[in-house]
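S.K.: For reference, the structure I am asking about is given below.
The values are calculated or read from the model by the stated rules, or taken from the named source; none is laboratory data. Remember, it's a predicted structure, so these values are computed and weren't measured experimentally. Methodologically, a virtual Cβ is constructed for each residue, glycine included, from the backbone with ideal geometry; neighbour enumeration extends over all protein chains shown.
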Amino acid sequence: MPVTEKIAAITDKIVKRSSASRRRYLDRIEKARENTPRRARLGCANLAHGFAACGPSDKAMLREGAAANLAIVTAYNDMLSAHQPFERFPEIIRAAAREAGATAQVAGGVPAMCDGVTQGEAGMELSMFSRDVIALSAAVALSHQMFDAAVYLGVCDKIVPGLIIGALSFGHLPAVFIPAGPMTSGLANDEKSKIRQLHAEGKVGRAALLEAEAQSYHGPGTCTFYGTANSNQMLMEIMGLHLPGSTFVNPNTALRDEITRAATKRALAIAATGNEYTPIGQVVDEKTVVNGVVGLLATGGSTNHTIHLIAMAAAAGIHLTWEDMAELSAIIPLLTRIYPNGKADVNHFHAAGGMGLLIRELLGAGLLHQDVKTVWGTGLDGYLVEPQLREEGLAWNAAVKVSGDRAILRGCDEPFDRTGGIAVLDGDIGRAVIKSSAVPKDRHVIEAPARVFHSQEELQKAFKAGELAGDVVAVVRFQGPKANGMPELHKLMPPLGVLQDRGHRVALVTDGRMSGASGKVPAAIHVTPEAADGGAIAKICNGDTIRLDAVAGRLEVLVDAAEWASRSAATADLSGNDHGVGRELFMPFRSQVNRADEGATIFRVN
């Protein structure tokens, strides 16, 4: 089914806006394309270095130079649950490549840090910039020019966007993203949230809190709530970069291993040495980007992707804006309820019909572009299948057509909401985004006096001292990319949640991030311009009345216009963010980074 007129119009606007930069990008990747392996043109010493450590059979193939060689770019480490399963993947990939008459090598590793580990710690100030470091690291891995295609092993918050940016810098190379899958379900998410709030109130101790967290995050795989990591995985499938139905299969299972083998063989099939050459620079186009935004909105995904998708698109020469996202949000129905937008986790979503049913519904309503390139070799209609193991091996069967649980996943004819899960706010404070799908309807408009803080620690101290009572809009500023790297501020949620549960009207306004785990408290995040860049958020004073209106898309301070115009912006001593835990190494990033609505990146569309 063709897309609706509105989807077509928004896409066409992006195409026209991006025409010059997209043309330059496609010209560059076309010039980089070669029908024979680039390594065949390397000097003998160069090539010998490239296969010196290989076994005899792989060395012979690389020496002859005719067979395809697959790059493995991996975010493996064994500290983080989401990436630990990747330890086994390179050997599986190498074996599958040999079966296909090809070779595979680990081209390089990229860092993978966990926002869950660094929450509220100094290391969190490296998190956003780690995305650009990952992109640079992927480029270093591929710079040896030994490869004809690549597979990318990454899951979590900044890792997949960074890998996409790096992969698009080598846009002439085909690329398949291989997921590791979510851990099995543990302690229910609403129970975990309850214990966090009880701890914030001092009603349970650290031992009870740690036990609850350990029951939630208990084994290998992605955290099961629908935050940035699982939003990443959804995006890779709906953008045609995963194999269909592969996203939410649990790790360390026979099915997961067979999918990894199949993904390897697809990457080799679409290499320039094969008959189905499909470079990632052509897969990721304007229609694919719109499909990603539609998927994000229809699932109430991570607000981090209001930043990441802009940076990812820019790497392919595409100018995506918050305005595009806002226009799409107005017409995309919310089809899922996954924590923090509901009680279910991604395993429950997968069991209810998962990605196949989601894509079927959106395609059927004309809300996704079907006519896109994918690594599967079909349009997006080829993703209406799911993998299953049979005696004869891996097979793809038609995905279910009816939800197994309408409390989790619904069709477009009965959505949870008629509009998307993310809204863009504008006003005299600046521009911001809000994950409206996580907020009860009676909290979509909050008007209350401001209480200003320059760190989440300041707010926590005020809460513990009993200074926060009554209706309040907490303004936490100097948390943007130029100020301190734009850390996530999830330690704000338990105290603000307690205030809300006590019956108060509560909201948060910040130039920092809250990500996909944004909870039930209305939060206007990513405010731009940020305070450290002269943004109006730095003019707010304690007691100013703030109005957050997610319905009308407004974020305003109700202060006399003349007084507001005459106010000077507050300043903050940010020197404490300059050193420790490696932060001094990232100071050049802060000086070069652009705004949140431009991708909060050191890279530019060119």
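S.K.: Please report, ordered by residue number, the helices (runs of 4 or more DSSP H) entirely within region 416-508 with at least 3 residues that are modelled with pLDDT under 95.
M.R.: Result: 456-464, 493-501.
S.K.: A follow-up question, please. So, in region 356-388, of the ones that are touching a strand residue (DSSP E or B) at 6+ places or on another chain (Cβ under 8 Å) and aliphatic (A, V, I, L, M), which residue ends up farthest from Val283 (Cα to Cα)?
M.R.: Among those that are touching a strand residue (DSSP E or B) at 6+ places or on another chain (Cβ under 8 Å) and aliphatic (A, V, I, L, M), it is Leu357.
S.K.: A follow-up question, please. Filter region 274-292 down to residues that are in contact with a His (Cβ under 6 Å, 6 or more places away or on another chain) and within 15 Å of Ala175 (Cα to Cα), then give me how many there are.
M.R.: 1
S.K.: Hey, Gly582 hits all of (1) on the phi > 0 side of the Ramachandran plot; (2) more than 30 Å from the chain's Cα centre (by Cα) but one; which does it fall short on?
M.R.: Condition not satisfied by Gly582: (2).
One line per residue, one yes/no per condition, for (1) among the acidic types (Asp, Glu); (2) closer than 18 Å to Ala104 by Cα:
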{"residue": "Met128", "(1), (2)": "no, no"}
{"residue": "Asp132", "(1), (2)": "yes, no"}
{"residue": "Tyr152", "(1), (2)": "no, yes"}
{"residue": "Asp157", "(1), (2)": "yes, no"}
{"residue": "Pro161", "(1), (2)": "no, no"}
{"residue": "Ile165", "(1), (2)": "no, no"}
{"residue": "Ser169", "(1), (2)": "no, no"}
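S.K.: What is the one condition in (1) under 24 Å from Gly379 (Cα atoms); (2) part of a helix (DSSP H, G or I); (3) under 19 Å from the mean Cα position of the chain (by Cα) that Ile318 does not satisfy?
M.R.: The single condition Ile318 does not satisfy is (2).
S.K.: Here is a follow-up. Within region 333-347, which residues are outside any loop (DSSP other than H, G, I, E, B) and either in contact with a Gly (Cβ under 8 Å, 6 or more places away or on another chain) or surrounded by fewer than 23 Cβ atoms within 10 Å (Cβ to Cβ) (or both)?
M.R.: Leu334, Thr336, Ile338, Asn347
S.K.: From the list Pro522, Pro529, pick out the single residue that is touching a residue at least 12 places away in the same chain (Cβ under 8 Å) and touching a Ser or Thr at 6+ places or on another chain (Cβ under 9 Å).
M.R.: Testing whether each residue is touching a residue at least 12 places away in the same chain (Cβ under 8 Å) and touching a Ser or Thr at 6+ places or on another chain (Cβ under 9 Å) leaves just Pro522.
S.K.: Among (1) more than 29 Å from the chain's Cα centre (by Cα); (2) surrounded by 14 or more Cβ atoms within 10 Å (Cβ to Cβ), which single condition is Ser568 missing?
M.R.: (2)
S.K.: Being surrounded by fewer than 12 Cβ atoms within 10 Å (Cβ to Cβ) and either assigned to a loop (DSSP other than H, G, I, E, B) or over 33 Å from the mean Cα position of the chain (by Cα) (or both) narrows it down to one residue among Ala67, Ala60, Ala45; which is it?
M.R.: Ala45
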